[in-house]
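Undergrad: Once you've had a glance at the structure underneath, I'll fire off some questions.
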Amino acid sequence: MRLDRKILAVAAALLLVIAACGGDDDTGGTDGGDGDSALADYDLSGLSIGVGSKDFTEQLVLGEIMVQAFEEAGATVDNKVNLGGTVVAREALLNGDIDVYMEYNGTGWTLHLGNDEPSFDPEQLTADVKAQDLADNNIQWLGRSAFNDTYGFATGPAFTEENGGAFTMQSMADYLAANSDASLCLESEFPSRPDGLVLFEQATGYDVPESQIEILDTGIIYSETAAGNCDFGEIFTTDGRIPALELAVVEDDGVMIIYNVSMNVRDDLYQENPEAFDEIAVLILEPLTDDVMAELNRRVSVEGEDAAEVARSFLIDQGLISG
């Protein structure tokens, strides 16, 4: 579902992504500075901001959060949420079709900037990406989400309870080593990805044999893990199906590559009001923990709520926009 952003060695495949249609209607914001909400204290009136996003649930929510946040601060917003895949969104930012979208720092470091060996410290990785992308491409990286939407593993409710609670990466490896009939359900490419199973094996010292691996489609992994047919299932750590199916995420103490998000803004727009853009990014992103982002995603992907309405309720709950 979100494979396009977790790419180290398959960048060429992303060039095949076809852009989905996004909304192109201009939406006028209210005047900033009214003081009725935290974001109304910032004055972006007179600015026109093209807001984009990628085409999966989490990005739709993040895009709509930005649309409404900038409107609350007085900007005129061109809503281009739901552009397409990673390459489409990035190219739109670079060529000026949009001015801002949310990007994952691991994707920025590896795919957009062509580096390897990213830092496993979220602050350092974001600083590294920020410095290079500004120098090379005039793109600002603002704020950093509390959530880290990376690869991970989860267990179903019954299996978790039977084993005394959530696993760590090492205790998961120890369980697999001690139980030859234990199952690990993965997507087809995960065993061969440089940011996939190999990181778990290197960190824990356990090479998972093929006899313990079952290859399934993404959505099926979640439901089969919840049902107990997979002892461990590969997941994305902020997926809305985690809370919906009461899955327990295996604790990761620095195994998988980091994918926090930051607001990517064209520097020419940023320079119009740097303080406002910096502070708005922090206000939006700091409350978005793994649990909060997973719940927002659940409301859209599981409950079928509109991403714009979910974004609005989040902003109201945080006191960022007026109700």
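Undergrad: Find the residue count for the stretch 303-323, including only residues that are under 20 Å from the mean Cα position of the chain (by Cα) and among the hydroxyl-bearing types (Ser, Thr, Tyr).
TA: 1
Undergrad: Have a look at 211, 188 and point out the one that is surrounded by fewer than 19 Cβ atoms within 10 Å (Cβ to Cβ), under 28 Å from residue 300 (Cα atoms) and of a type in the set (S, T, N, Q).
TA: Just a single option satisfies the conditions, and that option is 188.
Undergrad: Can you run down the residue pairs with Cβ atoms below 8 Å, 6 or more apart or on separate chains, where the first is in the stretch 204-217 and of a type in the set (Gly, Ala, Ser) and the partner is surrounded by 13 or more Cβ atoms within 10 Å (Cβ to Cβ)?
TA: 205/173
Undergrad: Go over the candidates 114, 164 one by one and state the one that is in a loop (DSSP other than H, G, I, E, B) and either within 30 Å of residue 268 (Cβ to Cβ) or in contact with a Leu (Cβ under 9 Å, 6 or more places away or on another chain) (or both).
TA: After ruling out the rest, the residue left standing is 114.
Per-residue answers, yes or no, for (1) surrounded by fewer than 17 Cβ atoms within 10 Å (Cβ to Cβ); (2) assigned by TED's automatic domain parsing to the domain that holds residue 157; (3) touching a Phe, Trp or Tyr at 6+ places or on another chain (Cβ under 6 Å); (4) without any contact (Cβ under 8 Å) to a residue 24 or more places away in the chain:
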residue	(1), (2), (3), (4)
224	no, yes, no, no
276	no, no, yes, no
293	no, no, yes, no
298	no, no, no, no
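Undergrad: Okay, next question. For the stretch 288-310, which residues satisfy the criterion of being in contact with a Gly (Cβ under 9 Å, 6 or more places away or on another chain), aliphatic (A, V, I, L, M) and assigned to a loop (DSSP other than H, G, I, E, B)?
TA: Across the stretch 288-310, the qualifying residue is only 302.
Undergrad: Picking from 302, 265, which residue would you name as being at pLDDT 95 or above and assigned by TED's automatic domain parsing to the domain that holds residue 57?
TA: Within the list 302, 265, the selection yields 265.
Undergrad: Right, next: Checking the conditions here, which among 77, 67 is at pLDDT 95 or above, part of a helix (DSSP H, G or I) and either in contact with a Ser or Thr (Cβ under 6 Å, 6 or more places away or on another chain) or aliphatic (A, V, I, L, M) (or both)?
TA: Of the residues listed, the single one that is at pLDDT 95 or above, part of a helix (DSSP H, G or I) and either in contact with a Ser or Thr (Cβ under 6 Å, 6 or more places away or on another chain) or aliphatic (A, V, I, L, M) (or both) is 67.
Yes/no per residue for (1) within 20 Å of residue 86 (Cβ to Cβ); (2) out of contact with any Asp or Glu (no Cβ under 6 Å at 6 or more places or on another chain):
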| site | (1), (2) |
| --- | --- |
| 239 | yes, yes |
| 255 | no, yes |
| 262 | yes, yes |
| 266 | yes, no |
| 278 | no, yes |
| 282 | no, yes |
| 290 | no, yes |
| 298 | no, yes |
| 315 | no, yes |
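Undergrad: Also, quick follow-up: Which ones in the stretch 55-64 are acidic (Asp, Glu) and either assigned to a helix (DSSP H, G or I) or buried (at least 24 other Cβ atoms within 10 Å of the Cβ) (or both)?
TA: 58, 64
Undergrad: Can you confirm whether the stretch 149-156 contains a residue that is among the aliphatic types (A, V, I, L, M) and buried (at least 23 other Cβ atoms within 10 Å of the Cβ)?
TA: yes
Undergrad: Taking strands (runs of 3 or more DSSP E) that fall entirely within the stretch 175-281, which contain at least 1 residues that are of a type in the set (Asp, Glu) and within 22 Å of the chain's Cα centre (by Cα)?
TA: The qualifying strands (runs of 3 or more DSSP E) are 232-236.
The values are calculated or read from the model by the stated rules, or taken from the named source; none is laboratory data. None of the values given here were measured: they were computed from a predicted structure. Here the Cβ is made from the backbone with ideal geometry for all residues, glycine too, and neighbour counts use every protein chain on show.
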